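Each remark here refers to the structure printed beneath this line.
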Amino acid sequence: MYKYIIRRILIFIPMLFALTIIVFGMAQLAPGDALTGVSLSDPNIDPEVYEIQREAYGLNDPIPVQYFRWISSVAQGDLGNSLVFNGRSVAELIQARLANTVYLGLFSLAITIIVAIPIGIYSARRPYSLLDYSATGFGFIGLAIPNFFFGLIAIYVLSIKLGWFPAQGTLSTPGMTGMEAFIDRIHHMILPGITLGLAGTATYMRYMRSEVLDVLGSDYIRTARAKGMSESNILYKHTLRNALIPIITLMGFEIGVLLSGAVITEQVFQYPGLGTLFLSSVTNRDYPVVMAIAMILGILILVGNLLADIFYSIIDPRIRYD
Amino acid sequence: MKNDPVLEVDQLQTYFYLRDNKVAKAVDGISFSILPGETVAIVGESGSGKSITALSIMKLINKPGRIVEGKILLDGEEIHRLSPKQMTKIRGNDIAMIFQEPMTSLNPVYTIGNQIVEIIRKHQNKSKNEAMERAIQLLKTVGIPRAEEIMKEYPHQLSGGMRQRVMIAMAISCDPKLLIADEPTTALDVTIQAQILDLMVEMKERFQMAVLLITHDIGIVSEYADHVLVMYGGQIVEQASAQVLLKDTKHPYTTGLLESLPNIDEDVDRLGTIKGTVPPAYDFPTGCRFSSRCPHVMEKCKLSNPELIEVDKDHFVRCYLYERKEGQ
């Protein structure tokens, strides 16, 4: 099993390398360069000044040279400076926002798991019951409603009309600390968290239902019954672990889905995470920031898949030895 | 040997309530009994109700199926009256069952040891270590080499024959009174089939179990069964001791099954077949259920279903061909 995990980690390295090429390539292909984003807003600057600046920044060097300059500084942990925020370092800009996005993602994932898995199991045990039908109905609605639209409705009803939850931000008053701040943060995360997790919850509920139903009808469950095992043993020992195998694989992708969903959801709730920063940086052509965020999101997705593969091998013995 | 039967099934009816008010009479009035140490075989094609009979005895019929009528007595105890919870104490303990598909009958995510220890600890008051020792001993009993190592292995690491041995080890782990084997060798290689059947015979003798062997292979009946029930359309159509049934076959269906077997002593170009297929259990023909496929069908057969009658001592047949003789 360790062999398997080590092999998976080794595959991670070339994938990371490919990711840097894609991120760098996309930034190169995007219209304009690091200077036009700043300069277009200022027609008074002499075009010759750009040329001098381009030369100074090394933007006229051949692309491979630029790539190796970028990747060697990234490898040393230097993500460069923002072109828009008065040259503040990218790392500094990203730091606080990365944490916010990770919290939101984890919170949303937690809601998804807590809601979807028990309901999915219940639906499978009592198919065609009232709760099963309600869950199915909710599932289709959850999948059909776009994130941003649900977010807007949630803000209008639950925040503006009912005033139960704050509509935006992460903290009511800056400078809160301790337990109070923690609870306030959670309070702020509920609406964006549910919005972000809506589609995932619906998907996992459906998957869990069909997986559990499938496993309950399998031969080895019949064997367990013939052995006289109790219903709870059959459900929690024999069924659950098998039903979770495909769910775990999906979870690996879910990290990517959550992060990309976060770009839009954060925008709707004006939540200061990577998503809002990413959108504003794209608009401002702040390529160092865009590249850094794309790299981080890419790495998180790769890590998500790596974790899924590792969990997968723990839960399913058939994977380990192949 | 005691003469009280281990298992008595009396007028068992298991119906499946399908959509559009269709009722599939999968098992329709089956009665038989098994004496201690006896092997009774149920023979029939797919869809004749053999497996449903077995699952009914285990009370493992799922919705929309239900045992509608009938008594099931295990050592005189009316187990058809027991609650699902009480049944968990019977299953695996007094009645054990092995299935057709050894490839999928073991849980893929738990070790062999885990799955054997589980049943021992469920029914017997043993510590984990005692149960482990017992499991290793059982694996050795069923002829598995390297038992200690196999305990830690997963089902996918074993061959089909080995898995079926594990299933047998599990089945005999709590000294059941009755072992139900539902087509235990159908999914195995021919060379392994005999080994597994011989192992079952050995275990039966060693542990004094009664065996209910379900098979569609009438060929293995002569060698392994004492008594045979031939099922068709959820009913018994012929019932006799194995010897009598094979020598003095009465029912056209049984004859058809026997003719479809290759015989090493005869040189034939073509094996016999029974034309058509088993009709679905919700759509049996009125009259004799075999009438749609029977080579000897008469007008009478299409009108009413014959009763199961005793044509010789302990030889029962459900066919009008023999009722006529009876009247003479």
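Computed from the coordinates by the stated procedures, all read-outs in this text should not be read as laboratory data. Note that the structure is a prediction, hence the values are computed from the model and not measured. For neighbour counting, all protein chains shown are included, and Cβ atoms are generated from backbone atoms with ideal geometry for every residue, glycine included.
For the reader, a short list of remarks on this structure follows.
- Loop-located GluC sites (Glu not before Pro) in segment B:196-300 whose Cβ has at most 10 other Cβ within 10 Å (DSSP): B:266
- Extension gain for residue A:28-residue A:57 works out to 9.0 nm (0.36 nm per residue, less the C-alpha to C-alpha distance).
- In this rough spin-label picture, where each label sits 7 Å from Cα along the Cβ direction, the residue B:191-residue B:283 distance is 4.4 nm.
- Positive-end ranking of B:184, A:142, A:245 along the dipole of the protein assembly as shown, with charges on Cβ about the Cα centre, is headed by A:142.
- Computed extension length for residue A:144-residue A:210: 21.8 nm, one decimal, from 0.36 nm per residue of separation with the Cα-Cα distance subtracted.
- Surrounding net charge for residue B:173, when Lys and Arg each add one and Asp and Glu each subtract one, Cβ distance under 11 Å: +3
- Under 14 Å, Cβ to Cβ, from residue B:24 - net charge with Lys/Arg +1 and Asp/Glu -1: +3
- Inter-centroid distance (Cα atoms) of segment B:34-64 relative to segment A:42-93, Å: 78
- Spatial separation of Cα centroids for segment B:145-215 and segment A:168-246, in angstrom: 39
- Taking other C-beta atoms within 10 angstrom as a stand-in for reagent exposure, A:57, A:2, A:271 fall in the order A:2, A:57, A:271, fewest first.
- What you get for chain B, charging only the Cβ of Lys and Arg (+1) and of Asp and Glu (-1), is a dipole of about 1280 debye around the Cα centre.
- B:302, B:204 arranged by Cβ crowding within 10 Å, fewest neighbours leading: B:302, B:204
- In straight-distance terms, cross-link reach from residue B:152 covers every one of the lysines whose alpha-carbon lies under 25 Å from its own, apart from those fewer than eight places away in the same chain; here that gives A:3, A:227, A:237, B:122, B:126, B:128, B:140.
- Scanning residues 5 or more positions from residue A:145 or on other chains, none has an amide H under 5 Å from its amide H, with H placed 1.01 Å from N in the peptide plane.
- Counting only Cβ charges, +1 for Lys and Arg and -1 for Asp and Glu, the dipole size of chain A around its Cα centre is about 1700 debye.
- Sites residue A:95 and residue A:2, calculated FRET efficiency, Cβ-Cβ separation with R0 41 Å, nearest 0.05: 0.75
- Along the axis of the charge dipole computed for the protein assembly as shown (Cβ charges of +1 for Lys and Arg, -1 for Asp and Glu, origin at the Cα centre), the listed residues B:115, B:297, A:117 are led at the positive end by A:117.
- Hypothetical label at residue A:129: residues of segment B:45-85 whose amide nitrogen lies under 18 Å (7 Å Cα-Cβ projection): B:62-64, B:84-85
- Based on the convex hull around the alpha carbon atoms, the protein assembly as shown presents an average projected area of 42.7 nm².
- Length-normalised contact order for segment B:95-175 - Cα pairs under 8 Å, 6+ apart - percent: 47
- Projected label points at residue B:255 and residue B:75, each 7 Å from Cα along the beta carbon direction, are separated by 4.4 nanometres.
- Distance in nm between pseudo-label sites at residue B:222 and residue B:275 (7 Å out along the Cβ direction from Cα): 2.8
- Residue by residue along A:213-225, Cβ atoms of other protein chains within 10 Å of the local Cβ number 6 on average.
- Pairs of Cα atoms nearer than 8 Å and 6+ residues apart set the relative contact order; for chain A it is 27 percent.
- Counting neighbouring beta carbons within 10 Å and listing from fewest to most, the residues A:89, A:313 come out as A:89, A:313.
- Kyte-Doolittle mean at least -0.5 and Cα axial length at least 24 Å: DSSP H helices in chain B: B:190-207
- Nonlocal amide H pairs with residue B:35, under 5 Å, H built at 1.01 Å: B:6
- At 0.890 mPa s and 25 °C, Stokes D of segment B:13-172 from Kirkwood alpha-carbon radius, µm² per second: 139
- Percent antiparallel among DSSP beta bridges (both partners in the protein assembly as shown, rounded to 5): 60
- Within the shell of other residues whose beta carbon sits under 12 angstrom from the beta carbon of residue B:11, the net charge comes to -3, with Lys and Arg scored +1 and Asp and Glu -1.
- Cα-based shape type of chain A, given that a ≥ b ≥ c are square roots of the gyration tensor eigenvalues and the cut on a/c is 1.5: oblate
- Mean Cα-pair separation over length for chain B, i.e. relative contact order, pairs under 8 Å, 6 or more apart, %: 21
- Net charge dipole, the protein assembly as shown: roughly 1320 debye, given to the nearest 20, about the Cα centre with Cβ charges of +1 for Lys and Arg and -1 for Asp and Glu.
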